[in-house]
1. Report yes if VAL87 is touching a helix residue (DSSP H, G or I) at 6+ places or on another chain (Cβ under 6 Å), farther than 21 Å from SER55 by Cα, surrounded by 11 or more Cβ atoms within 10 Å (Cβ to Cβ) and modelled with pLDDT under 90, otherwise no.
2. Is it the case that ILE111 is over 13 Å from the mean Cα position of the chain (by Cα) and at pLDDT below 90?
3. Which one of these does GLY75 not meet: (1) touching a Lys or Arg at 6+ places or on another chain (Cβ under 9 Å); (2) modelled with pLDDT of 90 or more?
4. Only one residue in LEU35, LEU105 is at pLDDT 90 or above and either surrounded by fewer than 15 Cβ atoms within 10 Å (Cβ to Cβ) or within 20 Å of ILE6 (Cβ to Cβ) (or both). Which one?
Amino acid sequence: MKSLPIIPLILTLVAMFIIDIRQPAHAREVELACLITGTLTTVAACVMILVRRRSTMTVVQTALGATVGQMMLTGLGGVIVYGMGFVTNLQAFALWLLAFFWIQLIVLSLISIRVIRQAKPGGQADGPMDRTVKCL
């Protein structure tokens, strides 16, 4: 379980290594897209791992939030990288960013399924709400 956040990072490093060896036409765009999606997926996986032993409701909400956050931040990262002038061909960069996003989304979904399965059973939320519900 501790190795789950490493999986997106390993995929990113392997893809960047293959890109460096082959040197395709748009190597810079591919590497930047891979770096953006791989980093954000690793962060989202770490967030999910931190709440894995809490209640099922908390874990599901965190997994959904991490997935949506990864999607939004991937788009924002693409806009920032293009705005800073690191990308010369926007169409190639957008295509590679979308391709790597879907691959990393599959990995993130598999990680979230595993984390949700390890959650504590029960529908009550963690935290101050527990005391209120028990008093009623």
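The values are calculated or read from the model by the stated rules, or taken from the named source; none is laboratory data. These numbers were taken from a predicted model, which means no experiment stands behind them. Virtual Cβ from ideal backbone geometry, glycine too; neighbours counted across all protein chains shown.
1. So VAL87 fits the description; yes.
2. Considered against the rule, which asks whether it is over 13 Å from the mean Cα position of the chain (by Cα) and at pLDDT below 90, ILE111 comes out as no.
3. Status for GLY75: all satisfied but (1).
4. Within the list LEU35, LEU105, the selection yields LEU105.
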